[in-house]
Amino acid sequence: MACASFTKLNATSSLWIGHQSFGQRTVSSSTQSVTRRVSLPIRAGSYTDELLKTAKTVASPGRGILAIDESNATCGKRLASIGLDNTETNRQAYRQLLLTTPGLGEYISGAILFEETLYQSNTDGKKFVDCLHDQNIVPGIKVDKGLVPLPGSNNESWCQGLDGLASRSAEYYKQGARFAKWRTVVSIPCGPSALAVKEAAWGLARYAAISQDNGLVPIVEPEILLDGDHPIERTLEVAEKVWSQVFFYLAENNVVFEGILLKPSMVTPGAEHKEKASPETVAKYTLTMLKRRVPPAVPGIMFLSGGQSEMEATLNLNAMNQSPNPWHVSFSYARALQNSVLKTWQGHPENIVAGQKALLERAKANSLAQLGKYSGAGESDDAKKGMFVKGYTY
């Protein structure tokens with residue numbers, strides 16, 4: 001029978017990793033027979049020190065993540081919104097605008113890339129990975145293979161991509177990626193069913209263990225969708241249930257908590273709820289959930305925006321940083337960083353500099369929010385427009 005205990009990894013690490021018993025040893029004497037459990041440590045992998053360093057770099061003060069890991073199909077929708085065809089040339093041009101923005105590394109610590117982008121170069125032949133390294137931005141990679149229907153559930157989904165993940169992760173590491181992202185979703189209007197929650201949690205845990213084994217810091221992202229008309233209390237209830245299972249299975253898979261990052265949804269009412277929550281209310285409920293469910297060993301909480309307006313996502317993040325937290329509380333935004341950029345660029349070469357300026361403005365606003373110093377003054381009307389899309393897919 002297995003027996004759990006804990007030991008400190010080494011004299012220079014604050015890491016705590018579980019033990020697993022693999023057998024018993026019986027010692028006999030003239031008066032008694034004593035059974036001793038032989039306990040062998042589950043050792044951290046060869047990448048552990050690097051994982052901790054990567055996680056701390058991404059979770060550095062005043063910085064967050066730029067998420068540009070949209071699939072080619074979703075990127076095509078973004079391009080179509082400004083009248084551009086979905087071609088590799090146009091996708092490269094847009095991603096080059098983002099990833100070569102001068103000064104971006106002051107506010108951005110990591111960039112999540114789609115596989116195509118990880119292997120792309122700019123028009124001068126310089127790899128995008130090297131463009132990021134030049135600004136002390138850590139390259140990351142989306143590794144999941146998308147959502148598919150979950151049989152036996154209430155019209156819910158599960159995330160595929162575990163098959164072949166180890167070999168793909170090893171190749172991504174060779175290409176320069178140092179962290180990974182796996183997005184699964186939970187729908188409150190659909191239940192969520194116990195099956196869907198367990199599937200989401202287990203899949204995230206297996207992905208996290210495989211990622212760490214191949215040198216990639218896993219971003220753990222069970223997105224609780226904004227869809228629905230439920231109150232904020234219901235979101236809190238579901239979020240607590242989801243995250244309790246996520247951490248249970250992370251522990252079961254011997255994932256090193258100090259070498260992961262989280263990408264949770266903020267705890268808000270459903271997008272169709274009659275009352276909108278203030279930033280202070282969102283912060284209160286979100287931090288309550290995190291303090292109840294997330295160990296302080298986790299270095300960074302990098303929130304997704306989930307269809308909030310640019311300004312709303314920034315105000316909510318700022319409200320959560322008005323007092324010290326056990327973790328680095330920051331952002332991992334896609335639409336909430338890119339929306340203004342696309343509208344400014346419009347696909348015209350002469351607008352590249354203006355588009356990059358728009359990106360820096362949004363990145364700086366969220367940097368200030370991470371430090372608890374964002375005011376919202378001077379924001380444009382576009383920044384206040386919500387971007388929620390029912391049933392949104394990447």
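The values are calculated or read from the model by the stated rules, or taken from the named source; none is laboratory data. Note that this is a predicted model, so its numbers are computed, not measured. Note: ideal-geometry Cβ built from the backbone for every residue, glycine included; neighbour counts use all protein chains shown. Side chains are part of the model used for accessible areas, which takes the heavy atoms of the whole protein and leaves out ligands, DNA and RNA. Shrake-Rupley method; radii C 1.70, N 1.55, O 1.52, S 1.80 Å.
Numerical summary
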item: Hits among lysines - C-alpha to C-alpha of LYS145 under 23 Å, sequence gap 8 or more where chains match; result: LYS77, LYS174, LYS181, LYS198, LYS263, LYS390
item: With all protein chains modelled, accessible area of GLU199 [1.4 Å, Å²]; result: 60 Å²
item: For the range 244-317: accessible area per residue (Å², 1.4 Å); result: 36 Å²
item: Amide proton proximity set for GLY347, modelled H, under 5 Å, gap of 5+; result: none
item: Phi-based couplings in Hz for the range 324-337 (Karplus 6.51, -1.76, 1.60; Gly and Pro marked x); result: x, 10, x, 10, 6, 9, 9, 10, 9, 9, 10, 4, 6, 10
item: Set of the range 279-305 residues, backbone N closer than 14 Å to the point 7 Å along the Cα-Cβ line of GLU240; result: 285-294
item: Residue among THR74, ALA93, PRO149 farthest towards the positive dipole end of the range 37-152, charges placed on Cβ; result: PRO149
item: Loop-located trypsin sites (Lys or Arg not before Pro) in the range 263-293 whose Cβ has at most 13 other Cβ within 10 Å (DSSP); result: LYS274, LYS276
item: Highest-first arrangement of 334-343, 86-95, 131-140, where packing means the average Cβ count within 10 Å; result: 334-343, 131-140, 86-95
item: Potential lengthening between LYS276 and VAL148 on full extension [0.36 nm per residue; Cα-Cα distance subtracted]; result: 43.0 nm
item: Residues LYS291 and SER375, FRET efficiency given R0 of 25 Å [Cβ-Cβ distance, rounded to 0.05]; result: 0.45
item: Stretch gain in nm, segment ASN90-ASP49, where the contour uses 0.36 nm per residue and the Cα spacing is subtracted; result: 10.9 nm
item: Residues with amide H under 5 Å from that of MET302, placed H, sequence gap 5 or more; result: LEU262, LYS263, SER330
item: Amide proton proximity set for SER193, modelled H, under 5 Å, gap of 5+; result: ASN154
item: The range 153-271 - percent of accessible surface contributed by carbon and sulfur, probe 1.4 Å; result: 49 percent
item: Charge dipole magnitude, Cβ of K and R +1, D and E -1 - the range 158-307, Cα centre, debye nearest 20; result: 280 debye
item: Cα centroid of the range 123-152 to Cα centroid of the range 72-118, whole Å; result: 10 Å
item: Rough spin-label spacing in nm, given labels placed 7 Å along Cα→Cβ, for SER121 and ASP229; result: 5.6 nm
item: Inter-label distance, nm, simple model (7 Å from Cα along the C-beta direction), LYS343/ALA166; result: 4.8 nm
